[in-house]
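Novice: Dumping the structure here so I can ask a few things about it.
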Amino acid sequence: MINYLKSELYRLLHKKNLHLTSIICFLLILAAGLVLSYLPKVDPSFPYATSPFFYSNVISSGVLILIVGLLFNIALTGKDITVIKQSVAFGISRKVIFWSKLILTLGYFIIVCLIGIGLMVVLGENLFTSDTQVVISFLLACLNMIPIILSGFLIIHTLKMIKVGEAYIVITLFFIYTFSGDILRPLFRSVSGLNNLYQYAPSTLLTENLLNFMNESVKFEFSYWLIGVVISLITLLIGSQKFAKISID
Amino acid sequence: MEKVIQTYQLTKSFKEEEVIKPTDFSLRKGEICALIGKNGAGKSTFFKLLAGQTTPTKGDILLFGQSGKKIDQARKRIGFMIETPQFFPDFTAIQNLEYFRIQRGVVEKKRISEVLEIVGLNNEKKKQFSDYSLGMKQRLGIALGLLSNPDCLVLDEPTNGLDAEGIMEIRKLLLKLNQEKQITIFISSHILTELQLLAQRFVFIKNGAIVEDLSKDALDKKSQKQIYLKVDQQAKTAQLLELTYPDIQYKVLPNQTITIQNHIDKSGEINRLLNKNDVLVNEFHLESLRLEEYFLDFVEGNKND
């Protein structure tokens with residue numbers, strides 16, 4: 001596994017597009033901060049030049065973050081996946097391939113996310129009125145988002161590894177992370193015991209997290225981690241089983 | 001002699017269709033074996049099963065006597081090249097081989113230059129893979145197969161896209177590897193004359209089943225010889241042959257020519273028969289069937305149906 005990880009790292013480090021995507025993401029964050037801080041100079045009544053609003057753009061962009069995650073994942077599981085037939089033929093187990101690619105893409109994604117959060121805080125504290133409590137709320141909201149976003153990333157990885165097209169992956173992400181609550185609510189309204197299931201849907205949790213942040217009532221929620229871990233485990237279990245059986249052409 | 005590849009009742013089905021019928025096969029160390037069959041006969045699927053790219057529906061595969069979980073270790077001793085080799089399009093030959101060198105735990109970096117030299121890509125090593133011609137891609141695929149000093153090469157259409165000179169070079173290379181390093185070779189190609197110049201054993205596959213397995217000598221004997229006749233009275237010759245040998249197999253060709261596929265051992269008698277019946281024989285000789293013609297007999301369904 002170590003040799004396979006090393007070779008994938010070699011590939012990852014030589015992927016110019018991937019690094020370019022990361023830089024573009026950071027530049028977009030920087031541009032958003034600069035534009036928000038500049039607008040009051042043009043329009044003194046502009047109400048959104050605040051750090052809570054700046055941070056809320058991240059808290060409300062769960063699916064967008066996952067789309068960026070999809071771009072990172074494609075780096076090692078996109079067209080490159082065709083190369084794995086040579087790795088399989090050399091006796092590298094599919095288990096090693098599945099987990100190694102996951103570890104590397106996830107690791108890269110987490111590093112980019114951490115740098116992004118760091119950049120947000122630096123910009124938020126320097127471009128807008130500094131408020132430690134807002135930063136703490138932002139970090140707590142991010143902490144709640146992490147398991148949900150990571151579960152989405154694992155869904156992306158699994159679907160990519162079993163050769164599901166990108167369009168279907170995006171639809172799946174929107175379904176789970178934007179509409180799942182709205183669908184589960186009417187669906188199980190009349191079913192006793194399941195009528196509150198929608199409250200645990202990823203889309204409901206992400207919306208609730210944003211509202212709590214805006215209301216300054218955000219706190220660490222264990223249920224977010226529980227839901228995230230359950231989705232992740234189910235995804236990885238099904239994904240690794242399916243990947244072990246697919247034909248690699 | 002040690003068996004490099006063995007299969008027992010190896011079967012692969014896709015939905016209802018059995019694309020590889022229960023197959024028993026073995027390849028001994030040092031052999032050069034050709035797998036011959038038309039498109040869709042099951043050659044690539046058979047290779048993919050050996051490479052682990054697809055899983056068998058039933059049956060067993062043993063590589064170097066290893067099966068089950070140990071088979072992955074045995075696969076490291078085989079260089080596979082199945083269908084068009086795939087590499088990273090934005091990487092050069094060196095970068096692509098470096099990726100696989102790291103992955104395969106090949107310690108010496110200079111091995112990359114060595115294999116590129118062997119396949120004649122040393123001057124193209126800095127070009128991106130996406131700019132490679134099909135022939136160059138094939139050569140890089142062979143280079144990858146050789147990277148970890150394998151004991152066996154399994155090559156599916158390795159000369160695809162190569163020009164005549166390239167095909168000859170690869171044939172020489174494979175013969176050299178077999179003779180000097182005792183590398184076992186299992187190969188398929190649609191250029192059957194090349195296989196005839198290379199292989200010592202010929203396995204014919206049709207509709208997912210091995211229908212014939214011949215040594216070079218046996219193939220020479222079987223495919224060899226048909227009687228070639230050029231006569232002045234074609235119809236009379238055919239009539240005489242049918243009357244004398246009721247089971248005779250012959251073909252009537254243009255230019256007063258007839259070829260006879262059986263009773264080869266009675267060539268003298270046939271000659272005498274024609275002379276005795278006033279048929280003027282302008283040309284009479286024995287000729288060999290080429291591998292293509294032998295193969296086409298299978299494809300057309302004249303044999304083993």
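Novice: What's the number of the condition A:MET214 fails, among (1) aliphatic (A, V, I, L, M); (2) buried (at least 16 other Cβ atoms within 10 Å of the Cβ); (3) more than 26 Å from A:SER51 (Cβ to Cβ)?
Specialist: In the conditions (1) aliphatic (A, V, I, L, M); (2) buried (at least 16 other Cβ atoms within 10 Å of the Cβ); (3) more than 26 Å from A:SER51 (Cβ to Cβ), A:MET214 misses (3) alone.
Novice: For the list (1) modelled with pLDDT of 90 or more; (2) of a type in the set (A, V, I, L, M); (3) under 30 Å from B:ASP24 (Cα atoms), I need the number of the one condition that B:ILE205 fails.
Specialist: (1)
Novice: Return a yes/no flag: does region B:171-186 have any residue that is aliphatic (A, V, I, L, M), touching a strand residue (DSSP E or B) at 6+ places or on another chain (Cβ under 9 Å) and outside any helix (DSSP H, G or I).
Specialist: So far as region B:171-186 goes, yes, one or more of its residues are aliphatic (A, V, I, L, M), touching a strand residue (DSSP E or B) at 6+ places or on another chain (Cβ under 9 Å) and outside any helix (DSSP H, G or I).
Novice: Considering only region B:77-95, I want to know if a residue exists there that is over 17 Å from B:ASP151 (Cβ atoms) and small (Gly, Ala, Ser).
Specialist: Yes, some residue in region B:77-95 is over 17 Å from B:ASP151 (Cβ atoms) and small (Gly, Ala, Ser).
Novice: Ok, one more. Among B:ALA164, B:ALA199, B:ALA209, which is the only one that is surrounded by fewer than 17 Cβ atoms within 10 Å (Cβ to Cβ), touching a strand residue (DSSP E or B) at 6+ places or on another chain (Cβ under 6 Å) and more than 30 Å from B:ILE102 (Cα to Cα)? Give the derivation first.
Specialist: Values: B:ALA164 fails: touching a strand residue (DSSP E or B) at 6+ places or on another chain (Cβ under 6 Å); B:ALA199 fails: surrounded by fewer than 17 Cβ atoms within 10 Å (Cβ to Cβ).
Only one candidate qualifies: B:ALA209.
Novice: Would you please name the residue that is surrounded by the most Cβ atoms within 10 Å (Cβ to Cβ), looking only at residues in region B:97-140 that are at pLDDT 80 or above, touching a Leu at 6+ places or on another chain (Cβ under 7 Å) and facing chain A (nearest Cβ under 10 Å)?
Specialist: The qualifying residue surrounded by the most Cβ atoms within 10 Å (Cβ to Cβ) is B:ARG101.
Novice: Quick test for you: out of B:GLY79, B:GLY37, B:GLY65, pick the one residue that is buried (at least 24 other Cβ atoms within 10 Å of the Cβ) and more than 10 Å from every other protein chain (Cβ to nearest Cβ).
Specialist: Criteria check complete, one pass: B:GLY37.
Novice: Could you pull out every one of the helices (runs of 4 or more DSSP H) wholly within region A:1-108 that has 2 or more residues that are β-branched (Val, Ile, Thr) and either over 30 Å from B:LEU155 (Cα atoms) or in contact with an Asp or Glu (Cβ under 9 Å, 6 or more places away or on another chain) (or both)?
Specialist: In region A:1-108, the matching helices (runs of 4 or more DSSP H) lie at A:16-42, A:51-59, A:62-77.
Novice: Sort out which residues of region B:1-29 are more than 21 Å from B:SER189 (Cα to Cα) and not in a strand (DSSP E or B), and write them in order of number.
Specialist: Result: B:MET1, B:GLU2, B:LYS15, B:GLU16.
Novice: Taking region A:18-55 only, how many residues are within 14 Å of another protein chain (Cβ to nearest Cβ) and surrounded by 12 or more Cβ atoms within 10 Å (Cβ to Cβ)?
Specialist: 2
Novice: Starting from residues that are without any contact (Cβ under 8 Å) to a residue 60 or more places away in the chain and assigned to a helix (DSSP H, G or I), keep the ones in region B:30-58 and report whichever is nearest to B:LEU174 (Cα to Cα).
Specialist: Per the criteria, the residue is B:LYS48.
Novice: Strands (runs of 3 or more DSSP E) wholly in region B:221-305 with at least 2 residues that are crowded, with 17+ Cβ neighbours inside 10 Å and either at pLDDT 75 or above or among the polar types (S, T, N, Q) (or both) - which ones?
Specialist: Where strands (runs of 3 or more DSSP E) fall fully within region B:221-305 and carry at least 2 residues being crowded, with 17+ Cβ neighbours inside 10 Å and either at pLDDT 75 or above or among the polar types (S, T, N, Q) (or both), they are B:226-231, B:257-260.
Novice: A further question on this structure: From the list B:LEU162, B:LEU144, B:LEU153, which residue is under 27 Å from B:VAL203 (Cα atoms), within 18 Å of the chain's Cα centre (by Cα) and either within 14 Å of chain A (Cβ to nearest Cβ) or not in a loop (DSSP other than H, G, I, E, B) (or both)?
Specialist: B:LEU153
Per-residue answers, yes or no, for (1) among the acidic types (Asp, Glu); (2) out of contact with any Ser or Thr (no Cβ under 8 Å at 6 or more places or on another chain); (3) in a helix (DSSP H, G or I):
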position	(1), (2), (3)
A:PHE179	no, no, yes
A:GLU208	yes, yes, yes
A:LEU233	no, yes, yes
A:GLN241	no, yes, yes
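Novice: Here are A:VAL170, A:VAL164, A:VAL134: which of them is in contact (Cβ under 8 Å) with a residue 24 or more places away in the chain, of a type in the set (Val, Ile, Thr) and over 14 Å from A:GLY69 (Cα atoms)?
Specialist: On inspection, the qualifying residue turns out to be A:VAL134.
Novice: Here's a follow-up. Being of a type in the set (A, V, I, L, M), within 25 Å of B:THR23 (Cβ to Cβ) and assigned to a loop (DSSP other than H, G, I, E, B) is the filter here; which residues of region B:62-117 pass it?
Specialist: Answer for region B:62-117, where residues must be of a type in the set (A, V, I, L, M), within 25 Å of B:THR23 (Cβ to Cβ) and assigned to a loop (DSSP other than H, G, I, E, B): just B:ILE82.
Novice: Now, a different point. I need a count of the residues in region B:82-94 that are touching a residue at least 40 places away in the same chain (Cβ under 8 Å), surrounded by fewer than 18 Cβ atoms within 10 Å (Cβ to Cβ) and more than 9 Å from chain A (Cβ to nearest Cβ).
Specialist: Looking only at that region, the number is 1.
The values are calculated or read from the model by the stated rules, or taken from the named source; none is laboratory data. Worth saying up front: this structure is predicted, and the values here are computed from it rather than measured. Note: ideal-geometry Cβ built from the backbone for every residue, glycine included; neighbour counts use all protein chains shown.
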